[in-house]
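Novice: A single structure is presented below for examination.
The values are calculated or read from the model by the stated rules, or taken from the named source; none is laboratory data. Bear in mind that the values here come from a model prediction, so they are computed numbers and not experimental data. Positions of Cβ are backbone-derived with ideal geometry, glycine not excepted, and every protein chain shown enters the neighbour counts. With ligands, DNA and RNA removed, areas are computed over all heavy atoms of the protein, side chains included. Shrake-Rupley method; radii C 1.70, N 1.55, O 1.52, S 1.80 Å.
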Amino acid sequence: MEESSPLSDVWIESNRGWALTVMDWLLDSDPAIRWQVMRDLTHEPADRVAAERSKVASEGWGARLLSLQGPDGHWGGGSLFPEWTSTTHTLLVLRYMGLDPTSAQARRAVALVRDNVKWDHAGQAYFSGEVEPCINGKAVAIGAYFGQDVSGIVERLLGEQLSDGGWNCEAERGSTRSSFHSTIDVLEGLLQYERSVGASPKQTAARRKAEAYLLDRRMFRRLSTGAVVDPEWLQFSFPPRYLYDVLRGLDHMRSARVEPDQRVAEAIELVKSKPDDDGRWPLENPHPGSVYFDMDEGEGKPSRWNTLRALRVLDWYEHGPSALPR
């Protein structure tokens, strides 16, 4: 891998016609986008990044979502449903936005969830988890990010890993093959737990085995035949909800600081094929359901979220994990 330099410089050299315009477009956005662009693409000083990130709690999309929480701690009246306005899906979006978990706004909102919200399944306490790995993966990601004790859920998930390396929400009903959808949910949760709490060798080994499950399948192909598992995975959605797609998988590998190799090469070529003539990645396949508000202009239109994620994935592929911010 080449030595690190800010992606803005790299992209300007190879795409001089539109790179600066794309960066300006990304920065002319909500704080939830801006701080991640500053950290991941233009490599601004840490204090400037932190100052921009702090605005997520008090301005724009983050503040709007926080204001919609009910006095009983719920969003949308339920823990997992309705899609996509429930407590779980709202907290996931706030995590994607990078809401500072130490902010007063985040602490207050999460305390209300901890003290009041129960799972729709059987009334379990929210941060005690539910029964399905895909849901529990989300609960770990949310709980670990926002400073809650989800160690019990982590132990349950480690005991449910299938022999091929991943997880499947249908395992309780007899499935012995992993699901990309369930596996990416659990992977994101385990990685967040490692970062927020720390990890045992057992936890890290489980995560790496699950990452190998995706990598060995080239991020979207069947191991047995090499066929594309699902054409929808070749489209880049945001928010991804509980569903897998190639960009979501690659962004996890980047975040986990996996060393890129030939197993991601075809998926990277897919990412490179997507930008429009102005260098902006479109929103594809938005998952149907109610939302509080849109964060992009619509299907097929340029998406700041997809452009941000695609550019930082390409940066990781070009320079390796050593180039990533700590």
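Novice: Dipole magnitude of segment 67-178 about its Cα centre, charges +1 at Lys/Arg Cβ and -1 at Asp/Glu Cβ only, in debye to the nearest 20?
Specialist: Approximately 280 debye in magnitude.
Novice: Related question: Restricting to lysines 8 or more places apart or on different chains, can you count the pairs in the chain with Cα atoms under 25 Å from each other?
Specialist: Number of lysine pairs found: 6.
Novice: Given [x] 32, 62, 7; [y] 27, 47, 24, 2; [z] 31, 56, 13, 0, which label gives P(r) over Cα pairs in 20 Å bins from 0, in percent as computed from the coordinates?
Specialist: Derived directly from the coordinates: [x].
Novice: Keeping the other protein chains in place, figure out the carbon and sulfur percent of the accessible area of segment 79-161, with a 1.4 Å probe.
Specialist: On segment 79-161, the fraction of accessible area on carbon and sulfur atoms equals 50 percent.
Novice: Something else about it: For the chain, report the accessible area per residue in Å² (1.4 Å probe, heavy atoms, rounded to an integer).
Specialist: Here the per-residue accessible area is 42 Å².
Novice: Assign unit charges at the C-beta atoms only (+1 for Lys and Arg, -1 for Asp and Glu), then state the dipole size of the chain relative to its Cα centre in Debye, rounded to the nearest 20.
Specialist: It works out to roughly 720 debye.
Novice: Give the carbon-plus-sulfur fraction of the accessible surface of segment 27-75 in %, rounded to a whole number; probe 1.4 Å, heavy atoms of protein chains only.
Specialist: 50 percent
Novice: For the chain, what is the mean residue ellipticity at 222 nm derived from helices alone (per DSSP H run of n ≥ 4: -39500 (n - 2.57); sum divided by total residues; nearest 500 deg cm²/dmol)?
Specialist: Calculated mean residue ellipticity at 222 nm is -14500 deg cm²/dmol.
Novice: Oh, and also: Whole-Hz Karplus ³J(HN,Hα) for segment 277-290, in order, using 6.51 cos²θ - 1.76 cosθ + 1.60 and θ = phi - 60°, x for Gly and Pro?
Specialist: Residue by residue, segment 277-290 yields 5, 9, x, 10, 7, x, 7, 10, 6, x, 6, x, x, 6 Hz.
Novice: Another question, if that's okay. Would you mind checking which residues have amide H under 5 Å from residue 75's amide H? H placed 1.01 Å from N; only 5 or more apart, or other chain.
Specialist: Residues meeting the amide H criterion: 70, 87.
Novice: Can you tell me which of 179, 303, 290 moves the most in a GNM of the chain? Springs connect C-alpha atoms under 10 Å apart.
Specialist: Sorting by GNM fluctuation, first place goes to 290.
Novice: Further, regarding this structure: Got the relative contact order for segment 54-156 handy, in percent, Cα pairs under 8 Å and 6 or more residues apart?
Specialist: Result for segment 54-156 is 24 percent.
Novice: Right, something else. Using a 1.4 Å probe over the heavy atoms of the protein chains, calculate the carbon and sulfur portion of the accessible area of segment 191-320 as a whole percent.
Specialist: 46 percent
Novice: Continuing with this model, one more query. I'd like the per residue volume of the convex hull spanned by the Cα atoms of segment 175-248, given in cubic angstrom.
Specialist: It comes to 102 Å³ per residue, whole-number rounded.
Novice: Continuing with the same structure: Which of these, 229, 93, 150, has the largest mean-square fluctuation under a Gaussian network model of the chain (Cα springs below 10 Å)?
Specialist: 229
Novice: Here is a follow-up. Just name one of 166, 43, 23: the one whose Cα is farthest towards the positive end of the charge dipole of the chain (beta-carbon charges, Lys/Arg +1, Asp/Glu -1).
Specialist: Highest projection toward the positive end goes to 166.
Novice: So how many Å³ per residue does the convex hull of the Cα atoms of segment 84-147 work out to?
Specialist: Taking the convex hull of the Cα positions in segment 84-147, it is 81 Å³ per residue.
Novice: Now a separate question. Only Cα pairs under 8 Å and at least 6 apart count here; give the relative contact order of the chain as a rounded whole percent.
Specialist: RCO, the chain: 16 percent.
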